[in-house]
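Read the figures in this text as sums done on the coordinates, not as results from a lab. Note that the coordinates shown come from a computational prediction; the quantities given were computed from them, not determined experimentally. Glycine also receives a Cβ, built like all others from the backbone with ideal geometry; neighbour counts cover every protein chain displayed.
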């Protein structure tokens, strides 16, 4: 069963076509069941091979993926990708949890009209959302 993670809006994610532009059937034999969904200003072709990077934290997340869906969503596109390297799935989930915590921190700061520190944001997010985040799946 695949697990889909929705990347939070407002947190930068870089996605670009890889040097090898399409994924061959041989490359799909041992892929991750981890899917990532994100908004993009530009569309991607189905089966395009892409390089993802999330540079918000150190170390940044980098991984190769293939496009499994791309649909218009207003003036943007909803892109779904699946990692080519199953060993990167854990790294992606951890990077995405950090992105969700950062997004939560920004929202809370706006609601409270004051900054909150990383530890407080992480603790609150974990208490409120960690369990449901770990159970998300298609």
Final fewest-first order of 96, 124 on the 10 Å Cβ neighbour count is 124, 96
Tell me, in nm to one decimal, what length is gained between residue 17 and residue 45 on full extension, where the rule is 0.36 nm per residue of separation less the Cα-Cα distance? 9.1 nm
Per-residue Cβ neighbour rank within 10 angstrom, fewest leading, 51, 42: 42, 51
Taking the number of other C-beta atoms within 10 Å as the exposure measure, put 11, 126 in order starting with the fewest. 126, 11
Please express the Cα-Cα pair-distance distribution P(r) of region 3-135 as a list of whole percents, one per 10 Å bin, running from 0 to the bin with the greatest distance. 12, 41, 32, 13, 3, 0
Full-stretch length increase - residue 85, residue 128 - with 0.36 nm per residue and alpha-carbon distance subtracted: 12.4 nm
Pull out the extension gain between residue 108 and residue 71, defined as 0.36 nm times the separation in residues minus the alpha carbon to alpha carbon distance; nm, one decimal. 10.3 nm
